[in-house]
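Here it is: the structure, laid out below.
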Amino acid sequence: MEIGYEFGDRIITGYVEPKKSIDKRYGTITLHERYLCRCKCGKESIIYESGIKSGKQDRCMKCARRFKINFVQKGTVYGTYTVISDPILDETRNGEKHCFYLCRCTCGNERRLRSTEIKKGRRITCLECHMKLQAVNKKRDKKAVIGETFGELTVIGYTSTKTGKESKNFLITKCSCGKIKKRSKQSLEEYGTSMCVNCYRDRVGLKRKKKGNEIQDHRNPSSMGPTKTQKRNQ
């Protein structure tokens with residue numbers, strides 16, 4: 001074998017003195033050819049000729065372990081991506097070696113992804129398909145929300161406001177008394193907001209609380225009991 005011969009992820013860079021082995025039973029001496037080989041990750045090691053011909057030592061142990069863990073079969077589908085290439089061992093910006101695969105989206109866009117991104121589901125669609133899906137979901141949410149009622153509040157519109165770089169979505173609600181105000185979807189669904197402030201004050205004012213032998217009416221402060229300062233003065 002000549003210098004420069006490539007097999008798998010390794011390449012022959014030099015010759016090494018052959019190793020002798022003696023068969024004690026028959027008394028024969030055999031020479032085993034050895035070569036200095038360099039892997040794509042940069043690690044150099046001495047490989048026997050038999051290992052090169054068999055193809056069992058076509059990469060170093062570190063690359064073989066990484067390849068085994070992050071192996072993705074060609075033709076598998078993850079989300080809208082389909083793996084269309086064999087594994088490619090390449091460097092990242094940090095200088096680390098990673099296993100990459102060339103993937104094609106249903107829209108035709110091709111992108112090289114890490115095996116970890118594919119397996120863990122971090123990349124399931126391309127950016128264009130993701131933006132289209134997001135726009136469709138927004139329209140669907142608007143149609144589903146408008147017309148719904150939460151207590152005395154009815155959703156009549158949809159709006160969004162920008163605070164710096166972030167944008168927040170709000171629902172325009174109309175109370176039974178006619179007051180219109182924008183509210184977050186979270187306040188209606190999770191916090192249980194069901195009326196405007198004016199209606200809430202009127203509703204609370206109608207309730208009476210019994211304290212001791214006296215009945216307190218929140219609408220008439222004179223009927224309420226003495227305050228803490230009045231008690232101290234007495």
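The values are calculated or read from the model by the stated rules, or taken from the named source; none is laboratory data. Fair warning: this is a prediction, and the values are worked out from it, not measured in the lab. Glycine gets a Cβ as well: all are built from the backbone with ideal geometry, and neighbour counts include every protein chain shown.
Can you find a residue in the range 20-36 that is in contact with a Lys or Arg (Cβ under 7 Å, 6 or more places away or on another chain) and under 30 Å from residue 92 (Cα atoms)?
Taking the range 20-36 as the starting set, the residues that turn out to be in contact with a Lys or Arg (Cβ under 7 Å, 6 or more places away or on another chain) are 29, 31-32, 34.
Then drop every residue that is not under 30 Å from residue 92 (Cα atoms), which leaves none.
Checking the range 20-36: not a single residue is in contact with a Lys or Arg (Cβ under 7 Å, 6 or more places away or on another chain) and under 30 Å from residue 92 (Cα atoms).
Further question on the same structure: Please name all residue pairs, on different chains or six or more residues apart, with Cβ atoms under 9 Å, provided the first residue is in the range 19-41 and is in contact (Cβ under 8 Å) with a residue 24 or more places away in the chain and the second residue is among the polar types (S, T, N, Q) and assigned to a strand (DSSP E or B).
35/13; 36/13; 36/45; 37/13; 37/45; 38/13; 38/45; 39/45
Right, another one. Please work out if residue 12 is hydrophobic (A, V, I, L, M, F, W, C) and touching a Phe, Trp or Tyr at 6+ places or on another chain (Cβ under 6 Å).
Here the answer is yes, as residue 12 does meet what is asked.
When you go through 25, 59, 38 one by one, which is the residue that is part of a loop (DSSP other than H, G, I, E, B) and surrounded by 16 or more Cβ atoms within 10 Å (Cβ to Cβ)?
Checking each option against the conditions leaves just 59.
Let me ask you something else. Just give me the residues in the range 98-110 being surrounded by 15 or more Cβ atoms within 10 Å (Cβ to Cβ) and either outside the structural domain of residue 84 (by TED's automatic domain parsing) or of a type outside the set (A, V, I, L, M) (or both), in sequence order.
Applying the first criterion (surrounded by 15 or more Cβ atoms within 10 Å (Cβ to Cβ)) to the range 98-110 yields 98-105, 109.
Once the filter is applied, which keeps residues that are surrounded by 15 or more Cβ atoms within 10 Å (Cβ to Cβ) and either outside the structural domain of residue 84 (by TED's automatic domain parsing) or of a type outside the set (A, V, I, L, M) (or both), the range 98-110 yields 98, 99, 100, 101, 103, 104, 105, 109.
Something else: Against the conditions (1) in contact with a strand residue (DSSP E or B) (Cβ under 7 Å, 6 or more places away or on another chain); (2) more than 21 Å from residue 9 (Cα to Cα), where does residue 90 fall short? Just the number, please.
(2)
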